[in-house]
Every structure is written in structure tokens, then in C-alpha cells.
Amino acid sequence: MQLIFLSGGSGKRLWPLSNNARSKQFLPLLETEDGHMESMVQRVVRQAREAQLDAEITFATNAAQRDIIINQLGTEVDIVAEPERRDTFPAIALAVSYLHFAKGCADDETVVVMPSDPYTELGYFETIGKMAKEVERGVAELVLMGITPTYPSEKYGYVVPASVLPNSEAHLVARFTEKPSSEVAKGLLAEGAYWNGGVFAFKVGYMMNIVRQYMYAKSFEETYARYCEFPKISFDYEVAEKAKSVAVVPYSGKWKDLGTWNTLTEELGHHAIGNVLMGDANENTHVINELEVPVFCNGMKNTVVAASPDGILVCAKEHSETIKQYVDKVSLRPMFEERRWGTYKVLSDVAYSDGCRALTKTIVLKAGKNISYQIHHHRDEVWTIVDGEGVFVLDGERRDIRRGDVCVIRREQYHAIRALTDLTFIEVQVGNPLVEEDIERFEYKW
């Protein structure tokens, strides 16, 4: 079986911890049984493996999330990054094309597509196994997971079941209803409708036949190059609601979307995370601090406080679902990012009267990792090593570096760095413009 995780979004509802580079599913805020912290992505991948689904995992994502997926999950998962953001149908079409062309999956191999961020339990993945078996039995070409509703929500689409299939836990699907009003939702619940959980099972050949309606490519590379020819539409609209042979398998266990501060804080194991001092007069208040400076909180009720290099949030939980409309007005660059080699945090970004800018970062490079051999056309850089040991390359010449060493890099100079141990350094960029795109990379053999 092939398991495709859909990973996208900008996660602005969990600002300032999430941003365009670090969506909600990558925030390491959930506590494991042994006391470690993990992200939603790490949690669902761990659960899938613990459920012993015997599935190979592929992430369908965008280019901005490739590095953070590698940083959090390593290289044991495949990644298919779309060349541009379009929607879930083209993303799934591209991922299945990768399975077909690049991995050589047969037309009769089963694929299950699911979100990368549900907060759920082991039974969810057992249901995924049941969906795969129903596809293999041929009960329907497309099998969905139906979440048993807990209230008449206006946020989810609904799947209305028809008859139960013989010798099966699956129902045929009578119809779909997209995000109804509360009153309509009450009626749907009375009909026994399920929430559409965004989990789909089908065979590779089924999806490739749909792909060929838009392009008859001969390779994954050709499909990737012609990606813009896929319509910008969701999988639900383009495939599920048009399918002539579709069934639904119900799931009635725990399932939540931790997409707002209100829902996320309900699942946090602690009221204070990070450098936080809590007074005695707080009530149902959560504080998450990613900064080095301390945060003291007292006398707050039903409040969430979050601090990161991107900003500071103080918000009543009942109003936490409205923050996106305000955060959309904030246009600052992401101040913290995870890359495949480690992390960086922006300490300051200053513009001077003559147009010159200065950007200061703390960079943590993991042992054995390196930053690519590169040049910049618009900036000079100074690296001050504050911890660890490594190797620095400047215009082809290597030298060992350690705490206290300073590396000066002028624009148009070729440079790279490799960590022998975990390596921390302060980078000061001076020039204009100071953008991530001012990088030209070259091959280098370490």
C-alpha cells in the first residue's frame, strides 16, 4: 500500500508560531508518552507506523516545506513538491504520477491519501486499513473515510450514506453536501451523514486514468513540467463528487482539527511551554514562548499568549479563530525556519538611510550537515562561530573552525560550511536586497 500525506497551508491561524515557512503541522507542541515534544506531522507518521499499515509514505507538498519535512522526518519518506500551489486535486495527481512513473507502482496497487495534521488515535489508522481492503475487494473504485459527527458543524463537508454493502463495513454514498448551514447540518445528522475527513483510497490505475484526461505524459518529469495544465480545484470537487463508484467507511473515534489556538490548547500537556513564569491567578490560560527572554503571565482568564521571533500574540481564546484576518496585514518575512541542515532564527533586520540593510541570524547546523557551496551577488556576510566545530570553505580553500573564529565573506566569493559537531554561528548580512533568492549554488565534494 502507498500512503500519501497532504501537507500544505500557511497556518496563519496559529500565528506567530506558524508562518509561510512553518505551517501548523510542523509546530513541536504535542507531548509523547515518554515526555518528548513532537509536531502533528511527526505524530501522524509515528501512529501510521505503530499501526503497522505496511505502507510506503510519500508527502505531497510545496517546495517551501521540503526542507522542514526532511528536518523532522529524515529521508525515510518520499517527497513530491508541486512547482506551484494549485489545490488538492493537482497535488494528488502529481503524487500518484510519481508513484506510477518514478516508483513503478502497478495499476492495481492501493493508494490512501490523507491529511498530515489530524489529531486522532490508533483506530483512525485501523480504519485506513479497512478502506484499503475494501478497494482491494473491488466494492468501489473510490472509498472515503466518514467521520462520525459530534455536532452539526458548518466547517466540514458531509457524506450521506446509502445502503450498507453486503459482508462489508462500507456504505455506498448517496450524495455529498459541502459546508452547509447549521440548520441543514442538523438535518444531515438525522440522515446519518458523516463528516468528510479528507481521506481517500483508490488504485493507482484509477487515478492515472483521471490524470490522462488532462495530459498523456510519458514520465514523471513531463507531468511535473506540465503541472499548470491541471485545473486548480479540490480533489473533492474534481474526483469524489463526480465518481460513479464510491463508498464510505465510518470512523467514530477521536478526531480533531487543531487549526486554531482554541482547539490546539485543549490538547497541550502543559499550560506553559518555553521560558515562561506563570503566576497563581491564571485560569485556563496557555503561554508558549520561543524567545530567550522570559514571559511572565498572571491574572489572565481563558487566554492564549504566544511569543516567537515573528511576533507576540495575546488573545482571548473565544476570539482566537479571527486572528487570520488581522495577521494577513502583517507582511514581514518569516523570522524562523527549519531547513534540511538545521534551523535559523532572525535576530534583527535593520534598514539604514542610504538604503543599505543589515540582517542578523543565529544559525544552527546539525552535525554532518553542510550549507551548499554558493555565492551572493548583493551582500557581504560575516560568520562568528559561537559553538561547535566545523570546516569552512572560501574560494576553494578549506580551514577548520571552532568557537571564537570569524569568517568574512565578500559578495561574489564562493563559500560553504560543514558541521563536524552541532555548530552554532551568528551570521550578519550587509547589502541590498537581502533576500533568500540571492543565492547561486554550485557542486562541491566534501
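The values are calculated or read from the model by the stated rules, or taken from the named source; none is laboratory data. Predicted model only: the values in this text are computed from it and were never measured. Note that each Cβ is placed from the backbone with ideal geometry, even for glycine, and that neighbours are counted across all protein chains shown.
Against the list (1) assigned to a loop (DSSP other than H, G, I, E, B); (2) within 22 Å of the chain's Cα centre (by Cα); (3) modelled with pLDDT of 95 or more, the condition Gly269 fails is (3).
When the range 286-307 is limited to residues that are within 17 Å of Pro16 (Cα to Cα) and touching a Lys or Arg at 6+ places or on another chain (Cβ under 9 Å), the one that is surrounded by the fewest Cβ atoms within 10 Å (Cβ to Cβ) turns out to be Glu290.
Scanning the range 351-365 for residues that are in contact (Cβ under 8 Å) with a residue 60 or more places away in the chain and in a strand (DSSP E or B) turns up Arg357, Ala358, Leu359, Thr360, Lys361, Thr362, Ile363, Val364, Leu365.
Whether any residue in the range 434-446 is touching a residue at least 40 places away in the same chain (Cβ under 8 Å) and at positive phi is what I want to check. Scanning the range 434-446 turns up no residue that is touching a residue at least 40 places away in the same chain (Cβ under 8 Å) and at positive phi.
The residue that is farthest from Gly74 (Cα to Cα), counting only those in the range 366-415 that are small (Gly, Ala, Ser) and assigned to a strand (DSSP E or B), is Gly390. Residues in the range 315-371 that are touching a Ser or Thr at 6+ places or on another chain (Cβ under 8 Å), outside the structural domain of Val391 (by TED's automatic domain parsing) and of a type in the set (S, T, N, Q): Ser320 only.
Say whether the condition of being of a type in the set (Gly, Ala, Ser), more than 22 Å from Lys317 (Cβ to Cβ) and in contact with a Leu (Cβ under 7 Å, 6 or more places away or on another chain) is met by at least one residue in the range 10-21.
Within the range 10-21, the first condition is being of a type in the set (Gly, Ala, Ser), and the residues that meet it are 10-11, 18, 21.
Filter once more, so that each one left must be more than 22 Å from Lys317 (Cβ to Cβ): 21.
Filter once more, keeping what is in contact with a Leu (Cβ under 7 Å, 6 or more places away or on another chain): none.
No - not one qualifying residue is present in the range 10-21.
Among the residues making up the range 9-51, those that are under 16 Å from the mean Cα position of the chain (by Cα), among the polar types (S, T, N, Q) and either outside any loop (DSSP other than H, G, I, E, B) or within 20 Å of Gly269 (Cα to Cα) (or both) are Ser18, Gln25, Ser39, Gln42.
In this structure, does Leu332 turn out to be among the hydrophobic types (A, V, I, L, M, F, W, C), over 30 Å from Ala201 (Cβ atoms) and at pLDDT 90 or above? So Leu332 does not fit the description; no. Within the range 12-30, the set of residues being more than 21 Å from Glu436 (Cα to Cα), aliphatic (A, V, I, L, M) and crowded, with 21+ Cβ neighbours inside 10 Å comprises Leu14, Leu27, Leu29.
Tell me, please, whether a residue that is under 26 Å from Ala106 (Cβ atoms) and in a strand (DSSP E or B) can be found in the range 202-209.
Within the range 202-209, one or more residues are under 26 Å from Ala106 (Cβ atoms) and in a strand (DSSP E or B).
For the range 87-113, a tally of residues being surrounded by fewer than 23 Cβ atoms within 10 Å (Cβ to Cβ) and part of a strand (DSSP E or B) returns 1. Between Arg226, Arg212, the distinction of being surrounded by fewer than 18 Cβ atoms within 10 Å (Cβ to Cβ), free of Cβ contacts under 8 Å to residues at least 24 places away in the same chain and under 21 Å from Thr61 (Cα atoms) belongs to Arg226 only.
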